[in-house]
Amino acid sequence: MTDKKVDLGNCSLELDSEGCVELHIYPQEVLQPDKIREIFDTIHSTFPEARTLLVTAGRKATLSQEARDLVSSEDITDQILADAIVTEHYSHQMAANFFVRHNKPHRPTKLFKTEEEAREWLKAQI
């Protein structure tokens, strides 16, 4: 990762040299639509070179249903080309599987068990 990092209170964003932004949701946080808008506004203004998104989360971190609807919509961003979600915990795997199947994100979205696998896939999406 580079030194481009932003803390947004209940999550952080960090840009790597490949144009990938890592969104890390802190443990036990439930992100709402206003936070999703803040995240993508921050990506647009702070990381204009970003092209992909890698999502990681602490234990019991999640998105509200409204936030999942927003993040999967075409209206949220055209800057990000693909999302990789790292599911280290079983609860995250269940929630992420539901998200992909139910919300059907408009951009390529895939689940991974490790950050390394996720980053390799994201590189291939650019």
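Laboratory data are not the source of any read-out in this text; all were calculated from the coordinates shown. Predicted model, so just to flag it, every value in this text is computed and none were measured. Please note: Cβ atoms are built from the backbone with ideal geometry, for glycine as well, and neighbour counts cover all protein chains shown.
Tell me the net charge near L31. Cut-off is 11 Å between Cβ atoms, L31 excluded, with +1 for each Lys or Arg and -1 for each Asp or Glu. Present the calculation step by step, with values, prior to reporting the outcome.
Values: positive: K35, R37, R68; negative: E29, D34, E38, E66.
After counting each charged neighbour, the total is -1.
Considering only S12, T42, V71, the residue lying farthest towards the positive end of the dipole of the range 4-125 is V71, judged by Cα position with unit charges set on Cβ. Can you list the lysines whose alpha carbon is less than 17 Å from that of K113, not counting same-chain residues fewer than 8 positions off? By straight Cα distance, K113 reaches K60, K123.
Segment Q93..D69, full-extension length gain: 6.9 nm, with 0.36 nm per residue of separation and the alpha-carbon distance subtracted. When both bridge partners sit in the chain, DSSP labels roughly 35% of those beta bridges antiparallel. Just so you know, the Cα atoms of the chain work out to an Rg and Dmax of 13.0, 36 Å. Mean residue ellipticity, 222 nm, helices only, the chain: the sum of -39500 (n - 2.57) across DSSP H runs of n ≥ 4, divided by residue count and rounded to 500, is -9500 deg cm²/dmol.
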